[in-house]
Each structure stands twice: as C-alpha cells, then as structure tokens.
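Please treat every number below as a calculation from the coordinates, not as lab data. From a predicted model like this one, the values you see are computed outputs, not experimental measurements. Backbone-built Cβ (ideal geometry, glycine too); neighbour counts: all protein chains shown.
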C-alpha cells in the first residue's frame, strides 16, 4: 500500500513541473494582470474561465489511476481561478472541469464533478469575502487542502458502493491533498510575486513622474527667466556696460533690465525675487513689467520706484517681494540717480583712487507694503569709475566649508581689475565666484551688471 | 533645521538654529503657519542661533508678520546676529519689524502693549 501511495505521489509531483510552467504562462497573460488590478471585464473573465477550465480538464486527463480511480489536480484550476478572479471565473472553470469529469463516468463521477464545482464556487466566494483581493500564499494552500478534504468527504458520502469508495479515498486522499496544495502554493507564489512586482512598478512610475514633473518645472522656470532677460546690452555714449545672469538649478528669479527712457537717458535695473522656481520666475516677470510700465517719460527714479512698488504690492500674495535697484543714467551729465528698494547696495569704485562707495538709500523691498518711502540719491560718475550691480547669489556663494564669497572679496577683485572693460570684469567676477564655490551646488542665481565710465581716449579709440 | 519653541504667558517664542536658507525656510514656514493656525497671535523669534538668512527666510518672516498683524497680533525679533541684522537692514525690513537685543525685552513689550494706557 505504501509503495502504491509513493508511486502515486511521485507521479503527481512530476505533474508539478507542468503546473509550474502552466502557472507561469497563465499569470503572464494580460487578462490575468487585468484581473489582478481588479478590472474584471466580460472578456478577461471569459478568457480566464477557458484557461482555468482547460487546466482543470488537463488535471483530469493527466491524473494517475489508482484502483480504477484517477487521483488528480482537477480542482486546482477552478480554485486558483476563483481565488484570483472571483465567482464567475471559479464557477465557470469548475463547470468545464467538473462537466468533463462527469462525462468520464465511473462510480465516483458524480461525487467528483460536484466536488470540483463546489471548490471553484467556494474559492470565488472567498475572493468576495476577502474584499475582492487574492487571499495570499498561506490562505491559498490551506483552502486548497480544505477543498480537497471536502472532495474526499463527498466521495465517501455520494459514491456507491461505499466500501469501494472508502478504498479509493484511502489511496488517493493523501496524494490529492498534497499535490493540490503544492499546486496551489506554486500558483499563489507566482501570483503574489506578480502583485508585488506590479506594486513596485507602480511606485517607481509615480516616483519617476514626480521627478519628471520637478525637472520640467525647473526647466520652465529657467526658460521664463531667461526669456525675459535682455538679449543684448545697449551701446551707451561714454559708458561701457555688460551684464550676465547664471540661473541656479532651482532658479531664484533674479533679473536685470535696461530701459531706454529718452535720448541719452537709460534706466538700469537689477533685482532679486524672494522664493524659487516657477513662482519666483512669474513674480520676476510681473516685477519687470511693472518697473518698465512705470519708467516712462520724465519721472524721477523715486517716482518710478514708488509707482512700481504700489503696483507690485497690490499683486503680492504670500509675502513675495523683490529687492530692486533702479537707476537712471544720464549719459550727458554723467550722473546716476538711483533708488535702492532693499537690494544689496551696488559698489562704485573710483577709477583713480580705487575708493569704494556703496549705493545705499532709505528704501524697502518692493511688494512688502504700499506707499513705501523710496529715497532717491545721485552720484556723479567720473571717467574710469566702475559700478558693480549684483545679487546675493554673488556674495552668498559658499565654498565646501560654507564660507561665503562675501562683499570684501568682491570689492578686492573689482579694485584690482578696475582697468578692465565691463565685459572682462563681469567675466572675472563670475569666474572668481565659480572657482570659489567649485564642487558645491549653485544655490542661487548669480547676476551681475557692470557699468564703467569710459575714459575719453578709450571712447575715441573705439570710435 | 532645529526649531525649538517655548511659551512665556501667551507669547510663543521660537528659536530656529542654523542656516535659514531655502529648504530650512520651508520648515520654518510650516512651523509658523502651524502656530498661527493654532491661534497664536504673539510670537517672538529669537534668532540667536541663526547665522545666515536668505531671501526665502525673509519671505517667511514677512508672510508671518503680515498674517499676524492682520489678525491683531505681532511678530517681534530678538538677538539678531550682525550679519542677519544686515540682511534685514538691506531689504529695508528693519522699518517693518520691531527688533530687540534681548528675548525678554521682546516678550515684555507684548505685555506692555497689553496694559491699557492711562
């Protein structure tokens, strides 16, 4: 008896190889994936009914004969179908498998086909009770063993003559319970892995789309900012002008602007918007437009600053503001009339002595409050004098030890190189800042504008 | 960023520590919004632990000040490092904020304002 059981068990285990391959192929079908995602359609349920039904038929024909009774994995297909795809798939597949078994006849035919249909239906019911989810590996194995025991019980109750039924059950109960449970384990394992794979893929996709969104946002912000910077520097009689803006990865909304007011008078703007990325870039566009709109005609720098501030303050939400330095350069009179609305004071270095003047006035960043006082001052620019307008991205650039570039270093570089042209000075300063912070990420936009009073002979030479 | 806070009567005192740059400003922003949403109207920011403040940091302080003043409250500053004070000065924010050398002065000022003037 023991030898027979062993041979039955061995043969059944051989079938497991077939089950592994079948399980792999079935779990990789699109219908199976859709059902795992909880998307049950008439089509994918029909496909699953056919596949698991066919698998059930295969279980019957591949069975091993014991005392004229076939020990088999007929119940496996309907049970897995029901656990994964619900009652329709479970019942449908079991009707095919059970129906086929019934047609085969034999004294256990009725009992066996009823058992299969019951197993498929109960598995479908478990799916519903488990809130339309797969029960997992342990659940599937235990249920499979239970259904198979039920199968045996039905054979004992229904099959006639009962003495033979007892013999059959004795011989097949162990192998059938074990082989069906092992089959369920294989299917369940693959199903669980597939569910995890899909969850991981979903998380990865979400993470990627989040990254992509962030990247796109940075790109948009940079494009907005760059498209609103002047394309070219105007040629000014008696002055040399140059400017640059190196946006940080997360742009900070720096900008500079040249506004042609009247013949011989030019508005110069340098500004830094608080905040980062798209909001900062949009606020930069707004601020730039407001200053431009205010700068027309015969208005003084103070008037321009007050009007622009009121316009910006009216639009500023959530505490956004812009530090802005506005100056009107009179090329004929060689004067700079300026208003400093909370911006880092530009540096003026005398061409002759190298003495430093800071362009400070009483003022407050634009957008902070309406009716803000804006003081205007005037400075006369001699030949060779250098004015350096900058944003805090220049002086607050940090090295690996978080030391800042600082104003002193900037002053020294300008003082030492004040004989250079405006464009060369811009290059010199940005080069020094980038070398200083080499290896460190650029946290803020680096924006720089240099105005230099041309010496008479320089102008003549160039002309 | 480490942000401690403590209470003195009905005045909430926050003590941020470290560099108040763009990322840490967001943390401070969340903390301030939490305090104000929670009904707090009198806040003192003790900046003795802040060695650097960026424009993002200024923005958080400004937004909090605006919200508090609108609700009848205030945000006072205490113990600013010279560099941080300079940043406030450049932006013109010293015209806006009440700034004190000591935390107790700032807290005391709230108490003084509460007493009805005779």
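Going from the fewest other Cβ atoms within 10 Å to the most, the residues B:35, A:329 appear in the order B:35, A:329. Helix B:22-37 versus the longest principal axis of chain B: what is the Cα-based angle in degrees, 0 to 90, to the nearest 10? The answer is roughly 20 degrees. Is there a simple number for the mean count of other chain Cβ atoms within 10 Å of the Cβ of residues in A:386-395, and what is it? That average works out to 1. Per-residue shielding of B:92-102, expressed as the average number of other chain Cβ atoms within 10 Å of the residue Cβ, stands at 3.
Within 10 Å of each residue's Cβ, count the other Cβ atoms and sort A:47, A:450, A:20 from fewest upward.
Numbers: A:47 20, A:450 27, A:20 15.
Least crowded to most crowded, the residues run A:20, A:47, A:450.
Projected label points at residue A:416 and residue B:101, each 7 Å from Cα along the beta carbon direction, are separated by 3.9 nanometres.
Calculated mean residue ellipticity at 222 nm for the protein assembly as shown: -18000 deg cm²/dmol, from DSSP H runs with n ≥ 4 weighted as -39500 (n - 2.57), summed, divided by the residue count and rounded to 500.
Is there a simple number for the mean count of other chain Cβ atoms within 10 Å of the Cβ of residues in B:58-66, and what is it? Walk me through the numbers on the way to the answer.
Details: counts 7, 10, 4, 1, 10, 7, 1, 2, 5.
What the average comes to for B:58-66 is 5.
With a cut-off of 15 Å on the backbone N, the residues of segment A:328-349 near the modelled label site 7 Å out from residue A:380 along Cα-Cβ are A:330-337.
Restricting the calculation to Cα atoms, every distinct pair contributes to the Kirkwood radius of segment A:22-163, found to be 14.9 Å.
Hey, with R₀ at 25 Å, roughly what FRET efficiency would residue A:7 and residue A:189 work out to, going by the Cβ-Cβ distance, to 0.05? Walk me through the intermediate numbers first.
Details: r = 27 Å, r/R0 = 1.07.
My answer for the efficiency is 0.40.
Could you check what % of the DSSP bridge pairs in chain B are antiparallel, to the nearest 5? Bridges in chain B are about 30 percent antiparallel. For segment B:1-16, backbone nitrogen atoms closer than 14 Å to the point 7 Å from residue B:26 Cα along Cα-to-C-beta are found at B:1. Take the Cα of residue A:265, step 7 Å toward its Cβ, do the same at residue A:37, and the gap between the two points is 6.6 nm. How far is helix A:301-315 tilted, in degrees, relative to the longest principal axis of the Cα atoms in chain A, given as a value from 0 to 90 rounded to the nearest 10? Taking the Cα atoms of chain A, the angle to A:301-315 is about 20 degrees.
In whole percents, the pair-distance distribution calculated for the protein assembly as shown from its alpha-carbon pairs, binned every 20 Å from zero, is 18, 30, 15, 19, 15, 3, 0. DSSP bridge analysis restricted to the protein assembly as shown gives an antiparallel fraction near 80%, rounded to the nearest 5.
What's the angle, to the nearest 10 degrees (0 to 90), between helix A:422-436's Cα axis and the longest principal axis of chain A? Around 40 degrees separate the two axes.
By counting other Cβ atoms within 10 Å of each Cβ, how are A:37, A:392 ranked from fewest to most?
On the way: A:37 11, A:392 23.
So the residues, fewest neighbours to most, are A:37, A:392.
One chain, two ends: residue A:300 and residue A:216. Fully extended at 0.36 nm per residue, the span grows by 26.2 nm beyond their Cα-Cα distance.
Reported to the nearest whole Å, the Cα centre-to-centre distance from segment A:318-381 to segment A:139-203 is 85.
In this calculation the C-beta distance from residue A:440 to residue A:129 is compared with R0 = 45 Å, giving a FRET efficiency of 0.15.
In this rough spin-label picture, where each label sits 7 Å from Cα along the Cβ direction, the residue B:3-residue A:209 distance is 3.1 nm.
How far, in nm, would the chain grow between residue A:237 and residue A:196 when pulled straight, counting 0.36 nm per residue and subtracting the alpha carbon separation? Write out the running numbers ahead of the final one.
Numbers: separation 41, 0.36 × 41 = 14.76 nm, distance 7.11 nm.
Gain on extension, residue A:237 to residue A:196, equals 7.6 nm.
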